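Structure record follows, encoded as structure tokens.
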Amino acid sequence: MTYDLSRRSLLALGAGLGASTVLGSNAFARAPKLGTQPAYFYRFGLGDAEVTVVSDGPLPLGPPKGTFIGVPDEEVKKMLSDNFLSPENVVLEQNSPIVNMGDRLVLFDTGMGTSKAFGPTTGRQQKSMAEAGIKPADIDAVVLSHAHIDHIGGIVDADGKPLFPNAQYYIAQSDFDFWTDEGKLGSPLKDFVVHARKNLLPVRDRLVFFKDGQEFLPGVQAMAAPGHTVGHTIFMVSSAGKSFAFLGDLTHHPILLLEKPRMQFSYDTDPQQAAESRVKLLDMIAANKIPVMSYHFAWPGYGHIAKTSEGFHYYPEAMSLIL
């Protein structure tokens, strides 16, 4: 009996399809493919503040081998493919929150800028800001998690002119000193040092150095997270009783460096120290259920971290049209 019912259903479906064919090809509208994407910004509310996330574009790292270290290569590839991610090309995002506190506009990190060291898809932060209706001249503060090429690259344009003419810049002094050190120009760090000097030295007179634990701007507190760089810092951003943690590069990947948080990352200055900072701070964030804004997680990078038996799990927050 079940077979007869299924057959009759299929026959009825076939008859319906036949009827659509008889109606002719004009029964449904034909639209051209648009080949466009929506603007690359997203807004949400945080207490009395408004947060606009702008993208500097995807940053492809290539194959994971040699970049994610301490776990067998085949296991790393399986972790990626089991989560429907390419095992041959690890692609990161670059999500910068711009927080309107009411009396000041604060940008966190500035992307790759004019450098194409990681390919042609980066360097769109200024375009994303324009799409969001935010003018660079309106930025009052630029807060830098560290001085790596993909976080400070958008401070100046191709001619070395500051892109945020009215802003003060905030960074850990240890990171500034390390990455602008002329003595490192002959080392393997040369490209990073050249890029840091190009972007940081033109605004040296507007740099402010914060300290660990300091609320250096109202609603913005520094929390030292060394290892990825010597002065790498994450930030607690708060308004009217609501907060999120801007993670910078505490963890680059929502699968690899969360499921196995002691896995090492080749771009870390001190990989072991970076892993210790990652575990310590993610434990605190998970225990206190603090929302996170991650620079390198899938767009727009806002969500929650939960503790698991071996590591952590990231739960992206559903995007909303309501502020």
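Data for the structure
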read-out: Hits in region 135-157 (condition: in contact with a helix residue (DSSP H, G or I) (Cβ under 9 Å, 6 or more places away or on another chain), surrounded by fewer than 21 Cβ atoms within 10 Å (Cβ to Cβ) and touching a residue at least 12 places away in the same chain (Cβ under 8 Å)); value: Pro136, Asp157
read-out: Boolean, Pro226 is surrounded by 20 or more Cβ atoms within 10 Å (Cβ to Cβ) and either in contact with a strand residue (DSSP E or B) (Cβ under 9 Å, 6 or more places away or on another chain) or under 24 Å from Asp140 (Cβ atoms) (or both); value: yes
read-out: Unmet requirement for Lys307, which otherwise passes all of (1) among the charged types (D, E, K, R); (2) in contact with a Ser or Thr (Cβ under 8 Å, 6 or more places away or on another chain); (3) loosely packed, with under 15 Cβ neighbours inside 10 Å; value: (2)
read-out: Residues (within 20 Å of the chain's Cα centre (by Cα) and in a loop (DSSP other than H, G, I, E, B)) located in region 135-166; value: Ile139, Leu144, Ser145, His146, Ala147, His148, Gly153, Gly154, Ile155
read-out: Check on Ala245, among the hydrophobic types (A, V, I, L, M, F, W, C) and either in a loop (DSSP other than H, G, I, E, B) or closer than 25 Å to Val193 by Cβ (or both); value: no
read-out: Given (1) open to solvent by 10 Å² or more (accessible area, probe 1.4 Å); (2) among the aliphatic types (A, V, I, L, M); (3) over 22 Å from Ile98 (Cβ atoms); (4) not in a strand (DSSP E or B), index of the condition Met319 fails; value: (3)
read-out: Filter result (farther than 19 Å from Leu207 by Cβ, part of a loop (DSSP other than H, G, I, E, B) and either touching a residue at least 12 places away in the same chain (Cβ under 8 Å) or open to solvent by less than 10 Å² (accessible area, probe 1.4 Å) (or both)) within region 105-134; value: Met112, Thr114, Ser115, Ala117, Phe118, Gly119, Thr121, Thr122, Gly123, Arg124, Ala132, Ile134
read-out: Matching residues in region 261-299 - criterion: being open to solvent by 60 Å² or more (accessible area, probe 1.4 Å), within 22 Å of Met79 (Cα to Cα) and part of a loop (DSSP other than H, G, I, E, B); value: Arg262, Tyr267, Ala298, Trp299
read-out: Test: residue in region 198-221 that is farther than 30 Å from Asp103 by Cα and of a type in the set (A, V, I, L, M); value: no
read-out: Of residues in region 192-208 being farther than 15 Å from Ser115 by Cβ and in contact with a Phe, Trp or Tyr (Cβ under 7 Å, 6 or more places away or on another chain), the one least open to solvent (accessible area, probe 1.4 Å); value: Val203
read-out: Search result, residues across region 159-191 that are hydrophobic (A, V, I, L, M, F, W, C) and open to solvent by 40 Å² or more (accessible area, probe 1.4 Å); value: Leu163, Phe178, Leu185, Leu189
read-out: Failed condition for Lys289, given (1) on the phi > 0 side of the Ramachandran plot; (2) free of Cβ contacts under 8 Å to residues at least 12 places away in the same chain; (3) not small (Gly, Ala, Ser); value: (2)
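A quick yes/no check of all residues on (1) surrounded by fewer than 16 Cβ atoms within 10 Å (Cβ to Cβ); (2) touching a residue at least 24 places away in the same chain (Cβ under 8 Å); (3) more than 14 Å from the chain's Cα centre (by Cα); (4) not in a loop (DSSP other than H, G, I, E, B):
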residue	(1), (2), (3), (4)
Pro38	yes, no, yes, no
Tyr42	no, yes, no, yes
Gly45	yes, yes, yes, yes
Glu50	no, yes, yes, yes
Val53	no, yes, no, yes
Gly66	yes, yes, yes, no
Val71	no, yes, yes, no
Glu75	yes, no, yes, yes
Ser86	yes, no, yes, no
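The values are calculated or read from the model by the stated rules, or taken from the named source; none is laboratory data. What you see is a predicted model; the values in this text were computed from it and never measured. No Cβ is skipped: glycine too gets one built from the backbone with ideal geometry, and neighbour counts run over all protein chains shown. Calculation scope for accessible area: heavy atoms of the full protein, side chains included, ligands and nucleic acids excluded. Shrake-Rupley method; radii C 1.70, N 1.55, O 1.52, S 1.80 Å.
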